[in-house]
Amino acid sequence: MEDILKKIARCVEKGKIAREFPHPAELAGQDGVYELTKQALESGVPPHEILSQGLIAGMNIVGELFQAGEVFLPDVLVSARALSMGMMHLKPYFHSGAIKHKGKVVIGTVQGDLHDIGKHVVSLFFEGGGWDVIDIGVNVSAQKFLEAVVEHRPQAVGLSALLTTTMVNMEHITGMIKSAHPGTKVVIGGAPVSQSFADRIGADCYSPDPQGALEFLNRSCS
Amino acid sequence: MTSREVLTAIVKDKHCPERMGLHESFWQDTQGEWEKQGLPPGVNILDYFNLDVREIQGSLFRTTSIPVDEQVLDEDGQTVIKVNGWGARFREWKNRPGVPEHLSFDLDNETVWKKKYRDNLLTLDLRRFPDVEKLKENYRAGMASDRFCVYYQLIIFEIMRKAMGDLILLEAMYLNPRWIHDFCDVVTNAIILHLEFMIREVGTPDGIWLYEDMGYTKAPFVSPALYQEFIFPYHRRVADFIHSYNLPFIMHSCGKIRPLLPHLVAAGVDGLQALEAKAGQHVVEMAEATRNKIAFMGNLDIRAFESNDPKTLEAEIVPKLAAVKKKKIPYVFYSDHSIPKSVNLETYRYALELHKKYGRY
């Protein structure tokens with residue numbers, strides 16, 4: 001059992017989606033996450049162990065390597081694609097309640113900013129870390145963030161901004177969330193954002209990379 | 001020395017002439033804001049500030065497969081949805097700059113590429129040029145001045161991003177490398193074919209300035225290994241073409257591209273701009289790493305400009321120029337991005353004073 005979980009984790013780390021995909025060369029012709037997850041379920045491995053010790057464990061390694069600058073965005077995307085193949089098999093277990101997400105995160109790009117790539121990559125890490133991500137899009141107003149918090153009751157809200165001219169909107173949004181829902185953590189990120197800015201606006205977490213934000217969620221919200 | 005002589009010495013010959021070069025880009029709404037602060041209305045901002053480089057207007061030919069300008073599909077009070085000649089849909093702001101939202105990409109696999117888009121790029125197509133006669137006029141006017149005049153264009157990685165978006169592109173490098181190589185090969189040939197036409201029919205400029213955003217704040221989009229495999233051969237081919245006319249190849253890239261620097265030098269890039277400082281890049285370190293084999297343009301931290309504080313601006317500019325002078329780095333004074341309207345006119349004027357005072361070799 002341990003062996004197949006390690007194989008799943010390794011396939012997520014290496015971006016081995018399924019047998020039919022030749023990438024990566026070192027695993028060409030071998031089973032990928034798609035086949036291995038199916039085999040694990042068929043052989044009676046509990047779904048929550050496949051999730052935590054296989055899929056999430058593999059994505060966690062990718063996150064650490066990405067944080068250290070040892071892998072790059074294409075590696076992350078292909079690993080996330082591989083992970084999603086495993087998640088496809090686990091979907092029924094989420095629906096039945098046999099396995100649960102660690103919690104919910106609402107994520108959006110703040111008002112004034114249409115940039116969506118950074119938010120997308122962070123979402124991949126959060127999902128790969130076992131979180132249920134509610135992506136409310138780009139150019140999101142404080143009011144829309146508040147409505148999403150009321151509707152989904154997340155443990156945390158993630159705010160993304162690309163520009164110095166739009167990061168200022170994070171202050172207003174953070175203030176509104178904190179005054180209406182003080183227990184909800186606010187995580188901020190994006191090119192112009194810094195720890196000192198996060199401290200000034202009262203955000204709970206700033207991370208220069210997705211893995212740091214995920215670690216904050218795991219530490220403080222689950 | 002004229003602007004042309006100064007920039008040619010720096011970018012083409014990698015020498016340090018009497019002064020550092022001087023150039024800048026401005027966000028589209030900056031000039032309007034500065035007119036409220038005393039800039040004479042309607043001036044050519046590059047002439048007004050006596051900047052060295054001129055992009056020859058009209059030389060930006062259409063590199064989309066279907067040679068059309070972006071078409072508006074829908075709009076609301078603030079934003080507009082456009083489709084480009086790759087069938088890609090973006091949402092962007094109507095009246096202010098910003099990075100667009102990626103909505104959808106028609107070109108999402110190799111079959112679509114071959115069926116709908118590939119063949120349009122195989123031959124010279126004059127519809128790609130907005131107006132050749134106007135381009136000739138602009139060329140003549142530019143070359144009659146003493147400015148350093150360039151043709152400008154997007155190239156390979158940037159074209160791929162506009163065609164298929166970041167996510168499809170970056171995944172496909174691993175999942176369908178054959179498609180990405182074919183795309184790069186076809187697009188590179190198309191770029192060369194159309195640049196060649198411009199040089200032959202319009203004239204030879206002082207340099208070719210190509211836009212290729214390959215990084216974000218933390219890292220390049222792709223690893224040096226993927227760059228070497230997928231992009232380097234085509235940059236090299238473009239560089240060889242440009243050098244065959246004895247012209248310098250200037251490349252713009254936002255973001256952190258330091259890990260790619262040795263590969264860019266090997267590809268034949270002569271001048272690199274914008275060297276984003278907040279990505280942890282420093283012009284002196286980059287120049288030392290390349291032993292002054294290429295010229296650098298930029299690296300003046302835009303956040304110092306945006307502070308609108310003379311002391312902060314001095315602290316950013318003065319030591320950097322002193323180090324550039326001491327190390328004899330071929331260098332063009334330039335922010336590490338474009339100047340937004342949040343930078344006051346007075347601040348920019350002060351930056352120019354600092355260039356005048358400390359920007360001599």
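The values are calculated or read from the model by the stated rules, or taken from the named source; none is laboratory data. Keep in mind that this is a model prediction, so the values were computed, not measured. Cβ coordinates were reconstructed from backbone atoms using ideal geometry, including for glycine residues, and neighbour counts include every protein chain displayed.
A few notes on this one:
- For B:Leu260, the requirement of being touching a Phe, Trp or Tyr at 6+ places or on another chain (Cβ under 8 Å), away from chain A (no Cβ under 14 Å) and within 23 Å of A:Leu73 (Cβ to Cβ) is not met.
To keep it simple, each residue is scored yes or no on (1) out of contact with any strand residue (DSSP E or B) (no Cβ under 9 Å at 6 or more places or on another chain); (2) within 13 Å of another protein chain (Cβ to nearest Cβ); (3) of a type in the set (Phe, Trp, Tyr).
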position	(1), (2), (3)
A:Phe145	no, no, yes
A:Thr164	yes, yes, no
A:Met170	no, no, no
A:Ser194	no, yes, no
A:Asp199	no, no, no
A:Asp204	no, no, no
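- Residues (buried (at least 19 other Cβ atoms within 10 Å of the Cβ) and closer than 16 Å to B:Pro224 by Cβ) located in segment B:264-283: B:Leu264, B:Ala267, B:Val269, B:Leu272, B:Ala279, B:Gln281
- Answer from B:Gly58, B:Gly98 - the residue that is touching an Asp or Glu at 6+ places or on another chain (Cβ under 7 Å), under 30 Å from B:Leu247 (Cβ atoms) and either of a type in the set (Gly, Ala, Ser) or without any contact (Cβ under 8 Å) to a residue 24 or more places away in the chain (or both): B:Gly58
- Of all residues in segment A:43-100, exactly one satisfies the criterion of being of a type in the set (Lys, Arg) and assigned to a loop (DSSP other than H, G, I, E, B), namely A:Lys100.
- With respect to (1) within 14 Å of chain B (Cβ to nearest Cβ); (2) among the charged types (D, E, K, R); (3) within 23 Å of the chain's Cα centre (by Cα), the lone exception for A:Lys6 is condition (1).
- Test: residue in segment A:64-71 that is polar (S, T, N, Q), surrounded by fewer than 22 Cβ atoms within 10 Å (Cβ to Cβ) and more than 23 Å from A:Ala156 (Cβ to Cβ): no
- Residue satisfying condition, being surrounded by 15 or more Cβ atoms within 10 Å (Cβ to Cβ) and within 18 Å of A:Glu215 (Cα to Cα), within set A:Glu35, A:Glu13: A:Glu13
- In segment B:202-228, the residue that is nearest to the other protein chains (Cβ to nearest Cβ) out of those that are touching a Ser or Thr at 6+ places or on another chain (Cβ under 7 Å) and over 21 Å from A:Thr164 (Cα atoms) is B:Glu212.
- Here B:Asn299 qualifies as surrounded by 23 or more Cβ atoms within 10 Å (Cβ to Cβ), without any contact (Cβ under 8 Å) to a residue 40 or more places away in the chain and not basic (Lys, Arg).
- Residues within segment B:94-125 that are surrounded by 18 or more Cβ atoms within 10 Å (Cβ to Cβ), at pLDDT below 95 and not in a loop (DSSP other than H, G, I, E, B), tallied: 2
- Top-ranked residue in segment A:105-120 [being within 18 Å of A:Val186 (Cα to Cα) and either hydrophobic (A, V, I, L, M, F, W, C) or under 14 Å from the mean Cα position of the chain (by Cα) (or both); ranked as surrounded by the fewest Cβ atoms within 10 Å (Cβ to Cβ)]: A:His120
- B:Glu171 fulfils the conditions (1) under 27 Å from A:Ile117 (Cα atoms); (2) away from chain A (no Cβ under 13 Å) except for a single criterion, (2).
- When the residues of segment B:233-253 are filtered to those that are over 11 Å from B:Val269 (Cβ atoms) and aromatic (Phe, Trp, Tyr), the one that is farthest from the other protein chains (Cβ to nearest Cβ) is B:Tyr245.
- Of the residues making up segment A:21-39, those that are over 17 Å from A:Ala57 (Cα atoms), touching a residue at least 12 places away in the same chain (Cβ under 8 Å) and assigned to a loop (DSSP other than H, G, I, E, B) number 3.
- A:Glu42 vs. criteria over 25 Å from A:Ser220 (Cα atoms) and more than 14 Å from chain B (Cβ to nearest Cβ): yes
- For segment B:313-361, a residue qualifies if it is within 14 Å of chain A (Cβ to nearest Cβ) and either of a type in the set (Val, Ile, Thr) or touching a residue at least 40 places away in the same chain (Cβ under 8 Å) (or both), and the qualifying residues are B:Ser335, B:Asp336, B:His337, B:Ser338, B:Ile339, B:Pro340, B:Lys341, B:Val343.
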